[in-house]
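To keep things clear, I will list the structure first and then write my remarks on it.
The values are calculated or read from the model by the stated rules, or taken from the named source; none is laboratory data. Just so it is clear, the structure is predicted and the values come from calculations on it, not from any experiment. Counting neighbours? That spans all protein chains shown, and the Cβs are built from the backbone with ideal geometry, glycine included.
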Amino acid sequence: MNKWVELLLGLIVLTAGIYVAWASSAYNWVFWGKDFNFLHAGWILLKGGIFWLVMILGLLLIILGLNDLRD
């Protein structure tokens, strides 16, 4: 695929994702009693990812420290 087409398509998909997240938050999308707030779901996913990154980094540092003590 042409690099310019890939860039344009990526920009369109990114813009559409941002618009859908904003619209679902601003206009209160509720279907059959379920709330479809994609902005809130994305925020929860980001917070969870940061949490697991910190946990794995701490575990890695402990393992490296134990490895240095062994030598």
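Among the residues of region 33-50, those identified as of a type in the set (Gly, Ala, Ser), outside any loop (DSSP other than H, G, I, E, B) and either at pLDDT below 80 or over 16 Å from Ala21 (Cα atoms) (or both) are Ala41, Gly48, Gly49. Cβ-Cβ distances below 7 Å connect no pair with a first residue in region 1-25 that is surrounded by 10 or more Cβ atoms within 10 Å (Cβ to Cβ), a second residue that is among the basic types (Lys, Arg), and a separation of six or more residues or different chains. Has region 51-59 got any residue that is modelled with pLDDT of 85 or more, among the small types (Gly, Ala, Ser) and surrounded by 10 or more Cβ atoms within 10 Å (Cβ to Cβ)? Yes: region 51-59 contains one or more residues that are modelled with pLDDT of 85 or more, among the small types (Gly, Ala, Ser) and surrounded by 10 or more Cβ atoms within 10 Å (Cβ to Cβ).
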